[in-house]
Each structure stands twice: as structure tokens, then as C-alpha cells.
Amino acid sequence: MKEIIALSTKTITLERNEYLKVKGSIDCNVYYIESGTLRIFISDDYEEQIIRFGYKENLIAALDSFLTGKPSELYIQAIKKSTIKVIMKPQIDAFLQVDANRNLWIKILEDLVLQQMEREIDILTNSPRERYERVFRRSPQLFQEVPNRHIANYLRMSPETFSRLKKC
Amino acid sequence: MQTEKLIQSLLEQVRQIINQAETIKNYDLRTLTWKENETSWNMLECLEHLNLYGDFYLPQIENKIKSSRFKPTPEFKSGYLGNYFAKSMLPKAKLNKMKTFKDKNPLNEKLDKTVIDRFISQQIKLLELLNQSRNVSLDKVRIPTSISNLIKLKLGDTFQFFINHIIRHLQQVDRIKAAMKKEGTRVADLQHAL
């Protein structure tokens with residue numbers, strides 16, 4: 001991953017609650033989180049639903065925009081002050097001209113597919129308790145870095161249910 | 001201008017507006033209500049002024065988008081009046097003062113931090129409307145202005161005008177901040193002299 005981070009020529013800082021990306025924008029960048037935490041969510045007129053979190057040393061992107069060049073529904077917002085390195089699509093494209101790099105890239109994408117599958121199972125798991133435990137086992141980090149109300153939203157349960165599950 | 005390019009640039013402007021509002025939200029109440037003199041606005045009054053315009057335009061835009069049957073077009077061309085209005089809103093290097101309509105003047109109202117929350121939710125709403133506007137013609141849908149029902153602007157021009165108006169007053173907030181800082185130094189100097 002170091003090779004990809006090294007491509008970045010731009011660093012941005014976001015204060016808490018500031019947006020990296022808003023709904024409808026075309027954003028073909030990949031972002032490396034040097035420090036801080038971000039949330040990726042969708043929103044309609046009625047509510048927000050968190051899809052993923054990004055932590056220190058993660059790569060994040062509006063993957064739909066990145067792959068298609070089209071507008072993406074996703075919002076990306078800092079939930080803590082964050083420092084982010086920007087890697088632009090043309091930089092990645094140039095990087096992928098080299099065969100060895102392409103293998104690395106495939107590894108990253110494969111890993112992402114696995115993460116997405118885990119997340120899909122999370123969401124489709126019926127019991128709130130099981131959803132809670134799956135995520136707790138997989139990323140205990142989440143429970144230290146992210147405010148409860150965001151975790152509850154991510155787990156698709158009310159903050160009350162979440163705090164009840166957390167106690168026992 | 002390509003319609004999608006226009007929408008992209010407007011979305012980016014709104015993103016920056018929200019981020020600026022988040023910064024303002026961290027200021028203490030003393031800063032938010034400080035004013036240079038009795039007739040000038042404090043920061044909360046600037047934002048409330050914008051909220052009053054939002055209360056007028058956002059529902060108008062929403063209704064017109066919902067009821068429109070005009071299909072989207074790949075190109076957008078500013079109208080003569082719309083372009084003039086939008087441009088006139090942008091602050092010039094030398095400040096061009098403007099008159100405020102009475103019903104949009106929040107001077108000396110009792111305001112608190114909820115003004116900022118209301119402002120941010122209006123911006124989220126605006127993002128929503130910019131996204132929905134992809135389904136209609138920015139050119140053919142026309143929005144009545146707050147000046148008169150008879151003066152209507154193209155939806156594309158209304159968005160630009162509305163957003164430029166916000167940018168104008170957020171720059172005013174920056175100026176208030178600077179003026180406050182300047183006065184703060186003056187007071188400190190005075191205390192030091194005493």
C-alpha cells in the first residue's frame with residue numbers, strides 16, 4: 001500500500017463534521033487517511049444510513065464514482081479532525097501501467113470484495129444481537145474510535161437498543 | 001455550459017459552504033453575537049438572513065422540480081436577467097453594499113446557535129434539490145423571485161444566484177471575525193497602556 005500512498009501530491013485537513021464529499025458529486029479520488037476517522041453514508045429526505053467507516057491508515061473512496069466516472073450518492077464526512085492524502089485517478093492509472101503494481105491493486109480490490117461481503121452479511125443478519133457481535137468480533141477498533149450513535153446507525157438499530165446490547 | 005458541469009460546480013460550492021458553517025458552529029456565543037455597531041449584523045444575523053431566503057426559495061424550487069414535465073437538457077444557457085442577478089450577488093473587491101428587504105432583515109432578533117443548525121439543514125436540502133434537478137430542465141423550469149412573482153429566473157440561474165448570495169454573506173461573516181479580532185487587539189493595547 002506504501003507505493004500507492006507515495007503517489008499522493010496533495011494533503012488536506014478536515015475538521016470534525018466537515019465534508020470530504022457530498023451527495024451527487026463526481027469524485028474519482030482515492031483517499032488515504034493519515035489520521036482521524038471518517039464516515040461514509042447515504043441520505044434521503046428522511047434519514048442517513050452509514051455504510052462504512054474509515055480509520056487511520058485506511059484507504060477510502062467513493063468507489064462507484066472512481067470506477068465509472070459518474071456522480072455518486074455517497075457523503076463522506078470527518079467525525080474527528082482528519083488528515084487525508086489525496087491520490088487522483090490519473091495517478092493510479094499511470095501506476096497500473098506496471099504489471100507488478102497491477103497485482104498489488106488486484107489484491108487491494110479482492111480484499112475490498114471480501115469486506116463488502118462481510119458487510120452484506122452484517123446488514124442481512126436478522127437479530128440485532130448477532131449483528132452487534134459480528135461487527136464487534138471483526139472490528140473492535142470501531143467501538144473505541146466512533147461515537148455510539150454512529151455505531152448504532154451503522155448496525156441499523158436504535159441508540160437505545162445499541163446501549164442495551166453493549167451493557168450485557 | 002454543460003448542465004452536469006454546472007451541477008458539479010454548484011455541489012462543490014455547497015460542500016464548501018457547509019464546511020464553513022461547521023467552522024462557525026465552533027465559535028462561542030460571544031463571537032457569534034458580536035457586532036461592529038448597532039446597525040450592522042452579527043454572525044447569527046447574517047445566517048438568519050440566509051435562512052429567511054432559504055425558507056422562501058427551497059420550497060419553491062422543490063415544488064417546481066416535482067411538478068415539472070420538462071426533460072433535462074445536456075446544455076444550459078444563462079438567461080440575461082438570471083446571469084445579471086447571479087453576478088450582482090458576488091462580492092466585489094471593493095465592497096458593494098446592498099439594500100436588504102425588510103422582511104429578510106433579522107437585525108436585533110433574539111437568535112441562538114440553532115440558527116446554524118437550521119442553516120446546515122437547509123444546505124443539505126439544497127444538495128438534495130441539486131441532485132433532483134438532474135431529472136428536469138435547468139433551462140425551462142422557472143422559479144419566481146422573492147422580489148416579484150412576475151419576475152422568474154431559470155432554475156439553473158436561481159441555483160447560481162441563491163448560492164452566490166450565501167457566499168456573499170459568508171464573506172461578511174469572515175469580515176465580522178476580522179473586525180472583532182482587530183477590536184480585540186485595540187482593547188488589549190489600551191489595557192496595556194493603562
key: Which numbered condition A:Ala62 misses (of (1) facing another protein chain (nearest Cβ under 10 Å); (2) on the phi < 0 side of the Ramachandran plot; (3) surrounded by 21 or more Cβ atoms within 10 Å (Cβ to Cβ))   = (1)
task = Identify the residue in segment A:35-51 that is surrounded by 16 or more Cβ atoms within 10 Å (Cβ to Cβ) and farther than 17 Å from A:Gln115 by Cβ and, among all such residues, is farthest from the chain's Cα centre (by Cα).
result = A:Ser43
ask   = Hey, B:Arg118 hits all of (1) over 14 Å from the mean Cα position of the chain (by Cα); (2) within 18 Å of B:Leu170 (Cα to Cα) but one; which does it fall short on?
value = (1)
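How about segment A:4-20: which of its residues are of a type in the set (D, E, K, R) and more than 9 Å from chain B (Cβ to nearest Cβ)? Give the derivation first.
Kept after step one, since they are of a type in the set (D, E, K, R), are these residues of segment A:4-20: A:10, A:15-16, A:18.
Once the filter is applied, which keeps residues that are of a type in the set (D, E, K, R) and more than 9 Å from chain B (Cβ to nearest Cβ), segment A:4-20 yields only A:Lys10.
Yes/no per residue for (1) farther than 25 Å from A:Tyr19 by Cβ; (2) part of a helix (DSSP H, G or I); (3) touching a residue at least 40 places away in the same chain (Cβ under 8 Å); (4) not hydroxyl-bearing (Ser, Thr, Tyr):
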position	(1), (2), (3), (4)
A:Leu67	no, yes, no, yes
A:Ile76	no, no, yes, yes
A:Thr83	no, no, yes, no
A:Asn103	yes, yes, no, yes
A:Leu112	no, yes, yes, yes
A:Gln115	no, yes, no, yes
A:Glu118	yes, yes, no, yes
A:Arg134	yes, yes, no, yes
A:His150	no, yes, yes, yes
query = (1) farther than 20 Å from A:Val135 by Cβ; (2) crowded, with 19+ Cβ neighbours inside 10 Å; (3) without any contact (Cβ under 8 Å) to a residue 24 or more places away in the chain: which one isn't true of A:Val98, the others all being true?
reply = (2)
note = Out of (1) of a type in the set (Val, Ile, Thr); (2) without any contact (Cβ under 8 Å) to a residue 60 or more places away in the chain; (3) crowded, with 17+ Cβ neighbours inside 10 Å, the one A:Thr161 does not meet is (3)
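Of the residues A:Asn126, A:Asn103, A:Asn153, A:Asn148, which is within 17 Å of A:Leu38 (Cα to Cα) and surrounded by fewer than 13 Cβ atoms within 10 Å (Cβ to Cβ)? Working first, answer last.
Numbers: A:Asn126 fails: within 17 Å of A:Leu38 (Cα to Cα); A:Asn103 fails: within 17 Å of A:Leu38 (Cα to Cα); A:Asn153 fails: surrounded by fewer than 13 Cβ atoms within 10 Å (Cβ to Cβ).
Answer to the check: A:Asn148.
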message = Looking only at residues that are of a type in the set (Asp, Glu) and modelled with pLDDT under 95 in segment B:10-44, which one is farthest from B:Asn105 (Cα to Cα)?
response = B:Asp28
query = Pick from B:Ile167, B:Ile120: which is within 14 Å of chain A (Cβ to nearest Cβ) and assigned to a helix (DSSP H, G or I)?
reply = B:Ile120
query = Looking at this structure, is A:Gly69 within 14 Å of another protein chain (Cβ to nearest Cβ), more than 14 Å from the chain's Cα centre (by Cα) and surrounded by fewer than 20 Cβ atoms within 10 Å (Cβ to Cβ)?
reply = yes
ask   = Of the residues A:Tyr46, A:Tyr31, A:Tyr75, which is away from chain B (no Cβ under 14 Å) and not basic (Lys, Arg)?
value = A:Tyr31
ask   = In segment A:1-34, what residues are touching a Ser or Thr at 6+ places or on another chain (Cβ under 7 Å), among the β-branched types (Val, Ile, Thr) and farther than 21 Å from A:Val146 by Cα?
value = A:Thr11, A:Ile26
From the options B:Lys99, B:Lys77, B:Lys92, residue that is over 16 Å from the mean Cα position of the chain (by Cα), among the basic types (Lys, Arg), more than 21 Å from B:Pro59 (Cβ to Cβ) and not in a helix (DSSP H, G or I) = B:Lys77
key: Of all residues making up segment B:5-38, the number that are more than 8 Å from every other protein chain (Cβ to nearest Cβ) and either more than 19 Å from the chain's Cα centre (by Cα) or not in a helix (DSSP H, G or I) (or both)   = 12
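In this structure, does B:Gln172 turn out to be in contact (Cβ under 8 Å) with a residue 12 or more places away in the chain and closer than 18 Å to B:Lys97 by Cα?
Values: in contact (Cβ under 8 Å) with a residue 12 or more places away in the chain: yes; closer than 18 Å to B:Lys97 by Cα: yes.
It is true that B:Gln172 is in contact (Cβ under 8 Å) with a residue 12 or more places away in the chain and closer than 18 Å to B:Lys97 by Cα.
The values are calculated or read from the model by the stated rules, or taken from the named source; none is laboratory data. Values in this document were obtained by computation on a predicted structure and should not be read as measured data. Cβ coordinates were reconstructed from backbone atoms using ideal geometry, including for glycine residues, and neighbour counts include every protein chain displayed.
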